[in-house]
Amino acid sequence: MLGLLLIYWIGKYFYQLAEKNDQNKWLFTILGIGIYYITQIAFGVILAFLNEFGVTEIDLDSFALNLLGIPLGLLGCYIFYDLIREILEKGCGRCYRSYTRYR
């Protein structure tokens with residue numbers, strides 16, 4: 001149930017961002033939700049590789065590990081949202097440099 005609420009709110013914020021900047025609303029919504037899941041999958045793959053090569057000894061089936069993926073997914077969404085918002089507001093190609101310098 002928590003996952004559905006998170007997907008709703010992520011989609012809502014990306015939808016509002018697209019609406020504010022006259023962009024394709026559904027594309028931004030799907031991108032936001034996709035980034036959430038891609039971040040969680042990347043986290044799982046990285047942990048699996050670390051576990052396989054003996055760097056860590058983590059139980060990959062633990063509930064705590066699943067709960068750790070939620071804030072990491074939200075962090076990925078926030079970074080992507082902030083980057084897209086800055087690109088749309090500035091409307092320029094040099095936003096990536098200013099984003100890395102700003103952060």
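General observations
- Scoring 65-73, 18-26 by mean Cβ neighbours within 10 Å over their residues and listing the highest first yields 65-73, 18-26.
- For the pair region 51-65 / region 1-38, the C-alpha centres are spaced 30 Å from each other.
- The fraction of accessible area contributed by carbon and sulfur in the chain is 66 percent, rounded to a whole number (1.4 Å probe; ligands and nucleic acids excluded).
- Cα-based shape type of the chain, given that a ≥ b ≥ c are square roots of the gyration tensor eigenvalues and the cut on a/c is 1.5: oblate
- Think of a 1.4 Å ball rolled over the protein heavy atoms: region 17-80 then has 69 Å² of accessible area per residue.
- The chain - mean residue ellipticity at 222 nm from DSSP helices (-39,500 (n - 2.57) per run, n ≥ 4, rounded to 500): -28000 deg cm²/dmol
- Structure remark: mean-square fluctuation, Gaussian network model of the chain, C-alpha springs under 10 Å; the largest value among Gly54, Gly34, Gly76 belongs to Gly54.
- Relative contact order (%) - the chain, alpha-carbon pairs under 8 angstrom, separation at least six: 26
- Accessible heavy-atom area order of Glu52, Glu57, highest first, probe of 1.4 Å: Glu57, Glu52
- Here is what passes the span test in the chain: the DSSP H helices with alpha carbon length of 24 Å or more along the helix axis and a Kyte-Doolittle mean of 0.0 or above are 2-20, 25-52, 63-90.
The values are calculated or read from the model by the stated rules, or taken from the named source; none is laboratory data. In this text, all values refer to a predicted model and were calculated from it rather than measured experimentally. Glycine also receives a Cβ, built like all others from the backbone with ideal geometry; neighbour counts cover every protein chain displayed. Areas reflect the complete protein model, heavy atoms only, side chains present, ligands, DNA and RNA absent. Shrake-Rupley method; radii C 1.70, N 1.55, O 1.52, S 1.80 Å.
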